[in-house]
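Read through the structure below, which is laid out as structure tokens, and then see the notes.
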Amino acid sequence: MVRPIAFFAGAGFVFVLLFSLVMGAIAFISEPPAKTVEHEFHLHPKHVSFASDGPLGKFDRQQLQRGFQVYKEVCSACHSLNQVAFRDLEHIGFTAAEVKAIAKNWATEVPSINPETGEPATRKATPADKFPSPYANEVAARAANNNALPPDLSLMTKARHDGGAYVYSLLTGYTDQATFKNEKGVELLKEFPEAKTPEGLHFNPYFANLNIAMPAPLAADGQVTYADGTPATIDQMSKDVSAFLIWTAEPKLENRHALGWTVIGFLLIATALAFMAYRNVWAGIKH
């Protein structure tokens with residue numbers, strides 16, 4: 001008795017699934033979804049390569065130091081990096097003395113407690129501290145940014161599809177909406193005149209909804225002066241800070257790559273030894 005009931009229950013379930021699939025297909029064909037401005041004009045990230053790409057990728061420490069300089073002089077005014085400690089900078093080539101000086105001279109002090117009164121206070125950062133937020137709290141951050149909350153950048157390249165390429169494309173993607181055309185050559189405001197960017201926002205086709213609260217942070221060449229003499233073009237600064245954020249999101253990437261190749265080598269050797277052992281054990285046995 002149980003088997004027939006189970007059979008009919010299963011058959012009913014399959015019928016409902018097929019019915020839903022057919023009806024959904026009919027509805028999609030007869031009433032296709034309306035085109036949206038985001039679907040038609042949102043661009044995929046640009047193609048850009050980094051030294052850390054691929055299974056053999058390694059970080060370019062000179063580039064990481066330049067990227068940190070861009071973050072320090074441009075991005076840190078609004079964006080936190082609260083998953084990274086100052087002492088982590090030693091892994092990208094800074095000396096312990098340099099890290100100590102960077103922490104001590106950081107623009108924002110870290111929260112603390114006055115040992116004499118027990119009241120909240122602030123103090124100079126030490127290498128053991130995480131990078132402090134430029135704002136006291138979320139309310140202060142929104143108040144300073146037209147109610148937009150600047151995201152923490154520690155894991156940004158892991159939280160966004162295409163990671164570093166997305167950050168690079170966003171930084172270099174600000175353009176004039178009035179003349180913007182998509183990959184098919186269609187002008188945005190001619191196709192969607194109602195999609196004009198609201199006041200207080202900025203048009204960027206690489207951002208999900210095309211309008212972003214952040215103005216172009218890298219708006220002109222030479223915003224920073226690189227210590228190694230590299231020309232600080234918008235493109236170069238964007239690549240460098242993107243590489244730096246790839247590192248903040250995955251600082252152990254090189255170790256992971258090295259361990260992966262070690263494991264592959266071990267498995268290849270173990271497989272060869274197992275095969276030779278198999279042949280030796282069964283050598284005298286006729287099939």
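Just so it is clear, none of the values below were taken in a lab; they were calculated from the coordinates. The shown structure was predicted, so the numbers you read here are calculated from the model rather than taken from an experiment. Methodologically, a virtual Cβ is constructed for each residue, glycine included, from the backbone with ideal geometry; neighbour enumeration extends over all protein chains shown.
Here are some notes:
- The calculated FRET efficiency for Lys124 paired with Ala220, based on their beta-carbon distance and R0 = 35 Å, is about 0.65.
- The alpha carbon centroids of region 8-22 and region 158-233 are separated by 47 Å.
- Whether region 22-163 is rounded, prolate or oblate, judged on the alpha carbon gyration tensor where a/c under 1.5 counts as rounded: oblate
- Based on alpha-carbon atoms, the Kirkwood radius and the radius of gyration of region 99-213 give Rg/Rh equal to 1.14.
- Annotation: peptides 62-69, 140-147, ranked by per-residue average of other Cβ atoms within 10 Å with the highest first, follow the order 62-69, 140-147.
- Residue order, fewest to most surrounding Cβ atoms within 10 angstrom, among Glu194, Glu98: Glu194, Glu98
- The packing ranking of peptides 203-215, 103-115, 70-82, 247-259, highest mean first, is 70-82, 203-215, 247-259, 103-115, where packing means the average number of other beta carbon atoms within 10 angstrom of each residue.
- Which listed pairs, of Lys104/Lys130; Lys58/Lys239; Lys58/Lys104; Lys158/Lys239; Lys100/Lys252, have C-alpha distances above 24 Å, in listed order: Lys58/Lys104
- For the chain, the dipole from Cβ point charges (+1 on Lys and Arg, -1 on Asp and Glu) about the Cα centre works out to 1180 debye, to the nearest 20.
- Helical segments meeting 24 Å axial Cα length and Kyte-Doolittle 1.0 threshold in the chain (DSSP H): 2-30
- Rg over Rh, two decimals, the chain (C-alpha only, Kirkwood Rh): 1.15
- For the chain, the 222 nm mean residue ellipticity estimated from helices alone, with every DSSP H stretch of n ≥ 4 adding -39500 (n - 2.57) and the total spread over all residues, rounds to -14000 deg cm²/dmol.
- Order of Val263, Val186 - criterion: other Cβ atoms within 10 Å of each residue's Cβ, fewest first: Val263, Val186
- Highest average packing first - 239-245, 152-158, Cβ atoms within 10 Å: 239-245, 152-158
- R0 of 41 Å, Cβ-Cβ distance Phe275-Ser20: FRET efficiency to nearest 0.05: 0.20
- Sorted by Cβ density within 10 Å, fewest first, the residues Ser30, Ser20, Ser238: Ser30, Ser20, Ser238
- The length gained on full extension between Lys100 and Ser30, counted as 0.36 nm times the residue separation minus their Cα-Cα distance, comes to 18.6 nm.
- Stretching Thr197 away from Asn137 to a fully extended chain increases their span by 18.8 nm, per 0.36 nm per residue minus the current alpha-carbon distance.
- Fully extending the segment from Ala11 to Asn146, taken as 0.36 nm per residue of separation minus the present Cα-Cα distance, adds 43.0 nm.
- If R0 equals 41 Å, the separation of the Cβ atoms of Asn114 and Arg61 corresponds to a calculated FRET efficiency of about 0.55.
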